[in-house]
Structure formats: structure tokens, C-alpha cells
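Beneath this line is the structure, given in C-alpha cells, with notes to follow.
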Amino acid sequence: MGVPQAAGAEVIIRTRNLSKEFVRDSFRITALKDVELQVRRGDYIALMGPSGSGKSTLLHLAAAMDRPTSGDIEVLGQNVGTLSESAVARWRNIHIGFVFQSFNLIPVLTALENVELPLKLTHLKKGERDQHARTALKLVGLDDRMHHYPKQLSGGQEQRVAIARAIVTDADILLCDEPTGNLDAKSAQEVLTLLKRLNEEYGKTILMVTHDPHAAHFARHIRYLDKGELLPEGQVPEDWRAPDAH
């Protein structure tokens, strides 16, 4: 049975006047401008928009991988922009699962060893870490590929290993940056089906950046960014033409 809709659930990501600027040579570039976003527990939101609109920047701020220039971002009640570097690493490992477009698996480690990595920052014993990693791989349908190295896996299988790694700590939030960007249509469909299952059956809160309209429609809600500004729900950038779906 699927989890209830997120409409009445608590807000676990909240931004207030969130802005981010980068300096390139002598130019100041505004990546995000006064973004106001609320993500409720159990929601699944796709962020879309033209390249350079600030989608990945917003995801990185939510993961405390970067800090805002101004404004606030609270994740699970924590103002993540105020955490020290050491506190950020521990906080992220407990609460955030990040899925990258390029998988980011370590080639000399097996699937099982890749998935176990985040657990090495916990107090779990080796046997417990091994069991958690095996459970995560089974959940993504790769219990028969545990001892394969990344080069022995297809792109879709690599991304499913990456998703297993993201959920192995039972993270509260999954942040996915173009998770199907490097995959063929069949593999992309498998990954999107898996993410939808994690949301509906296991209640995982997902914030996903994608250029793919087909991928976006797996989410409960679609929001658009344009020139660093988050548009009201239902509004699409006027000059944006969505790329063809996979």
C-alpha cells in the first residue's frame, strides 16, 4: 500500500529568500534569487528549467554541499548554512542520500563495498554494515550483482547501486541530480520506476533535478526554475522548450 499524499505532512525542506551568487573572473553571477520552497515529508518534486537556471545549485544547498549567499535553508529543522564543516559531513551522512548523474561509484570496489561506504561513518559493526548493504542492494533488484565491479555492470545497474548507496543509511531525503541523464530509455525507465516505488512504498522524500519531461512526470509535483527564480506551481518558463523525452 502506498504512503499517504504529502499534502498535510510536515515541511522538511524550507527556504526563505534563498539566494546564491558565484564570482567568475570579475563577473558576479546570480544562480538563485529569493527562492521560497517548501518540501513536505513523503513528497516527490521534480525541478525543471533551462540549463543554468539554478536547479543543481538548489539541490547542492539542500545537501549542505554549498552555502547560500543570503537567505536561509532549513532541512529537517536544521539551518544547514550554519553548520561547521565537520558537523555538515555527519549530518549529511545521516539524513541525505545524493544520487548523481555520473553514478560516482569507486571502480576498485564491488557493488556491495560501494553501498557499504556510507555506513563506515556510523557505529555499526562490520557484520551489521554488510547486512544493511545487502538489504539495500536487494531492494534495488541487484542481490545477484553484489560482488560485481562497476565495469561489470550496465549503466542502469550502476545507477541502481548508487541509489542503494543513497538509501543504505535510511536517509530521510533523496536528492537526485539528473539521475537518468546518462542512461538509455530502458535503464532510465527502471531507475524512475525504482524511485517512484521508494517514494510510494517506503515514504522517501525525493527532490529530483531533470531535463526530461518523461522523468518529471514520475514525480508528484513539478516546479520550474528560470534565471534563478522559482516560478509558482504550474507556471512554465515562457521561452523554454523541453528537450525530447528519452
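Some observations on this one:
- Every pair of residues 6+ apart whose Cβ atoms lie under 6 Å, when the first sits in segment 116-131 and is more than 19 Å from ASP143 (Cα to Cα) while the second is at pLDDT below 95 and surrounded by 10 or more Cβ atoms within 10 Å (Cβ to Cβ): LEU121/ASN93
- Residues within segment 79-107 that are under 18 Å from the mean Cα position of the chain (by Cα), crowded, with 16+ Cβ neighbours inside 10 Å and more than 19 Å from ALA31 (Cβ to Cβ), tallied: 10
- Failed item in (1) within 25 Å of PRO179 (Cβ to Cβ); (2) of a type in the set (A, V, I, L, M, F, W, C); (3) not in a strand (DSSP E or B), with ILE45 passing the rest: (3)
- For THR110, the requirement of being of a type in the set (Ser, Thr, Tyr), modelled with pLDDT of 95 or more and under 18 Å from the mean Cα position of the chain (by Cα) is not met.
- Listed by first and then second residue, the pairs with beta-carbon distance under 8 Å, at least 6 apart or on different chains, first residue in segment 206-220 and on the phi > 0 side of the Ramachandran plot, second modelled with pLDDT under 95 and surrounded by fewer than 17 Cβ atoms within 10 Å (Cβ to Cβ), form an empty list.
- Top-ranked residue in segment 152-178 [being in contact (Cβ under 8 Å) with a residue 12 or more places away in the chain and polar (S, T, N, Q); ranked as surrounded by the fewest Cβ atoms within 10 Å (Cβ to Cβ)]: SER154
- Taken over segment 132-151, residues that are at negative phi, surrounded by fewer than 24 Cβ atoms within 10 Å (Cβ to Cβ) and not in a helix (DSSP H, G or I) amount to 8.
- Apart from one condition, ALA46 fits all of (1) on the phi > 0 side of the Ramachandran plot; (2) small (Gly, Ala, Ser); (3) modelled with pLDDT of 95 or more; the exception is (1).
- Selection count where residues are part of a loop (DSSP other than H, G, I, E, B) and touching a helix residue (DSSP H, G or I) at 6+ places or on another chain (Cβ under 6 Å), scope segment 64-75: 4
- Residues of segment 213-239 that are of a type in the set (Asp, Glu) and either within 19 Å of the chain's Cα centre (by Cα) or surrounded by fewer than 16 Cβ atoms within 10 Å (Cβ to Cβ) (or both): GLU233, GLU238, ASP239.
- Test: residue in segment 92-109 that is farther than 23 Å from ASP43 by Cα and not in a loop (DSSP other than H, G, I, E, B): no
- Number of the condition not met by PHE98 [criteria: (1) out of contact with any helix residue (DSSP H, G or I) (no Cβ under 7 Å at 6 or more places or on another chain); (2) on the phi < 0 side of the Ramachandran plot; (3) of a type outside the set (Val, Ile, Thr)]: (1)
- Some residue of segment 153-170 being at negative phi and over 20 Å from the mean Cα position of the chain (by Cα): yes
- ARG24 meets the conditions (1) touching a Ser or Thr at 6+ places or on another chain (Cβ under 7 Å); (2) free of Cβ contacts under 8 Å to residues at least 12 places away in the same chain in every case but one. The failed one is (1).
The values are calculated or read from the model by the stated rules, or taken from the named source; none is laboratory data. None of the values given here were measured: they were computed from a predicted structure. Note that each Cβ is placed from the backbone with ideal geometry, even for glycine, and that neighbours are counted across all protein chains shown.
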